[in-house]
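Please read the structure below before turning to the comments.
The values are calculated or read from the model by the stated rules, or taken from the named source; none is laboratory data. Every value quoted in this text rests on a predicted model; they were computed, and no experiment measured them. Glycine also receives a Cβ, built like all others from the backbone with ideal geometry; neighbour counts cover every protein chain displayed.
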Amino acid sequence: MADRSAFEMLLPAEAAARLGSGPIDARAYHDPDWFELEREAVFKRSWIHIGHVCEVPDIGSFIRRELEFARASLLIVRGKDGEIRAFHNVCTHRGTQLTDAESGKGNSFSCRYHMWTFGSDGALLSAPDFEKFGLEKKDCALKQVQLETCGGLIFVNLAKAPKQSLREFLGPIADELDALPIARAIEFHEYTFEIAANWKIYVDNFQENYHLRFIHTRTGAATISDENPLGYPTHYGFSGPHRGQTLWRNPNPPPTPTVQLMAMTKAMQAGARDGFPTQKTDFKLFPAMFVLGLGGYAFTHTIYPLTAGKTRGVIRYYWPSKADSASTRFAREYAMAVVRDIHAEDRGVVEAGQKGLGRGVLEHIHFQEHEVLCRHLNEQVRACVDAYLAERV
Ligand code: FES
Ligand SMILES: [Fe+2]
């Protein structure tokens, strides 16, 4: 259940009345020119989730993140003062990429080309024969990127002067994220996959249940029944550019095979012991991130556009303690495997959506009232693009 304090929760018909029912321009889902606008107007100006504080636990710890939508490689570094900062992974001498390492720890970064050396705060510390440049070291620091955290999650904003702080952008959801145990996580399981589809086709797949009955025949039985044959949520929630929903639960789900049931129960008990909420959390953060907390679990699913027709998803299950037994380890792996099964079912149909829309034969697509979250995303993206274009006039 989305938290009602952070979202305005509406019945499906109320939400549809609010957002309208007209056809949607199909071009936004496949056109490379429109995607270029989205890169500039949405992704290079929004707060984008790129990691968790537990990945940079110590002074000098760093991770590298590639953000293809901005053609950026970023270094996320914990400095001597304990602050986490983001820098472009680009030497300020002649632009060489500083490191290819995915993560590491050290006091400094030395460029392999001519040994310019930068501190964990981005300052240029030393450079051979530096006096021959006629430069000041203070003018040669690594290019910094805006970084803020909320609930243990690291976000960056590639705008030079973001219009909102991260907390302003998240609104009341920020307090909800702070309260989630993801903030205290010390480890996570992750899997990533690339998919041949536009990022909005991908995101939309995870914000409507209309397809559950047809695509998730193996995994979706617990969320549908004769009472609610298409497994529709009961409410949809809105909070600025972000969304939520209240999922309906089948009161009489089909029995789960014993071993799987034991694994799920074990993981949920371990999560509950660590203080994970049993209440359901379901945040859909703009532009492309889901935060879900099921009973005893918490996971994030972040979507990064690569091109107009290619996208990467990163799924993480967060855990607030080390797995202290083989059975807990198994239970956690099992939780991941369940999500992978569901996503494996989604993948084919999402890619088929791209294939079909990419033909360019449809002028419009259509969203019914239970696809209102898809309509809301489309509306928010369009508003960002309109604002961006208006600024350029
Ligand atoms: S390009 Fe990095 S030191 Fe020359
Ligand atoms: Fe699905």
Practice task
Give me the pairs, please: first residue somewhere in the range 125-136 and within 11 Å of ligand 1 (Cβ to nearest atom), second residue anywhere and outside any loop (DSSP other than H, G, I, E, B), beta-carbon distance under 8 Å, and either six or more positions apart or on two chains.
Solution key: S126/T117; A127/T117; A127/F133; A127/K137; A127/C140; F130/K137
Practice task
Give me a count of the residues in the range 140-153 that are out of contact with any Lys or Arg (no Cβ under 9 Å at 6 or more places or on another chain) and away from ligand 1 (no atom under 15 Å from the Cβ).
Solution key: 3
Practice task
Would you point out the residue of the range 211-242, among those that are charged (D, E, K, R) and within 16 Å of ligand 2 (Cβ to nearest atom), that is surrounded by the fewest Cβ atoms within 10 Å (Cβ to Cβ)?
Solution key: R218
Exercise for the section: Go through the residues of the range 68-81 one by one and say whether even a single one is over 16 Å from V145 (Cβ atoms), away from ligand 1 (no atom under 16 Å from the Cβ) and touching a residue at least 12 places away in the same chain (Cβ under 8 Å). Expected result: yes
Handout entry: Flag if T192 is within 22 Å of P57 (Cα to Cα), polar (S, T, N, Q) and not in a loop (DSSP other than H, G, I, E, B)
Key = no
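Which members of the range 193-210 meet the condition of being in contact with a helix residue (DSSP H, G or I) (Cβ under 9 Å, 6 or more places away or on another chain), more than 19 Å from E379 (Cβ to Cβ) and away from ligand 2 (no atom under 16 Å from the Cβ)?
A196
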Exercise for the section: Kindly list, by first and then second residue, each pair from a residue in the range 145-170 that is free of Cβ contacts under 8 Å to residues at least 40 places away in the same chain to a residue that is crowded, with 20+ Cβ neighbours inside 10 Å and not in a helix (DSSP H, G or I), limited to pairs with Cβ atoms under 7 Å and residues at least 6 apart or on different chains. Expected result: G151/L180; R167/C150
Completion exercise
Scanning the range 343-382 residue by residue, those touching a residue at least 60 places away in the same chain (Cβ under 8 Å), surrounded by fewer than 17 Cβ atoms within 10 Å (Cβ to Cβ) and of a type in the set (A, V, I, L, M) turn out to be V349, L362
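Does A86 satisfy being among the small types (G, A, S), crowded, with 18+ Cβ neighbours inside 10 Å and not assigned by TED's automatic domain parsing to the domain that holds A352?
Yes: the conditions hold for A86.
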Practice task
Taking only the range 125-181 into account, find how many residues are farther than 29 Å from R39 by Cβ and polar (S, T, N, Q).
Solution key: 1
Exercise for the section: Determine, yes or no, whether D204 is modelled with pLDDT under 90 and either under 24 Å from P305 (Cβ atoms) or in the same structural domain as Q368 (by TED's automatic domain parsing) (or both). Expected result: no
Exercise for the section: Check the range 128-146 and report whether any residue there is in contact with a strand residue (DSSP E or B) (Cβ under 8 Å, 6 or more places away or on another chain) and within 20 Å of L285 (Cα to Cα). Expected result: yes
Exercise for the section: Say whether the condition of being more than 16 Å from ligand 1 (Cβ to nearest atom), assigned to a loop (DSSP other than H, G, I, E, B) and either of a type in the set (A, V, I, L, M, F, W, C) or not assigned by TED's automatic domain parsing to the domain that holds F7 (or both) is met by at least one residue in the range 290-305. Expected result: yes
Exercise for the section: Write out, first by first residue and then by second, each pair whose Cβ atoms fall under 6 Å of each other, whose residues are 6+ apart or on separate chains, and whose first residue, in the range 203-228, is at negative phi while the second is within 16 Å of ligand 1 (Cβ to nearest atom). Expected result: none
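Suppose we keep only residues that are assigned to a loop (DSSP other than H, G, I, E, B) and of a type in the set (S, T, Y) within the range 73-124. Which one would you say is farthest from I50 (Cα to Cα)?
Only one residue fits best here, namely Y113.
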Exercise for the section: Take the residues in the range 50-72 that are more than 20 Å from M289 (Cα to Cα) and not hydrophobic (A, V, I, L, M, F, W, C), then tell me which one is surrounded by the fewest Cβ atoms within 10 Å (Cβ to Cβ). Expected result: D58
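Let's see how each residue does on (1) out of contact with any Phe, Trp or Tyr (no Cβ under 9 Å at 6 or more places or on another chain); (2) within 30 Å of A28 (Cα to Cα):
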residue: H114; (1), (2): yes, no
residue: L124; (1), (2): no, no
residue: N157; (1), (2): no, yes
residue: F169; (1), (2): no, yes
residue: D175; (1), (2): yes, no
residue: I186; (1), (2): no, no
Fill in the blank from the handout: A17 meets each of (1) exposed (fewer than 14 other Cβ atoms within 10 Å of the Cβ); (2) assigned to a loop (DSSP other than H, G, I, E, B); (3) in contact with a strand residue (DSSP E or B) (Cβ under 9 Å, 6 or more places away or on another chain) with one exception, condition (2)
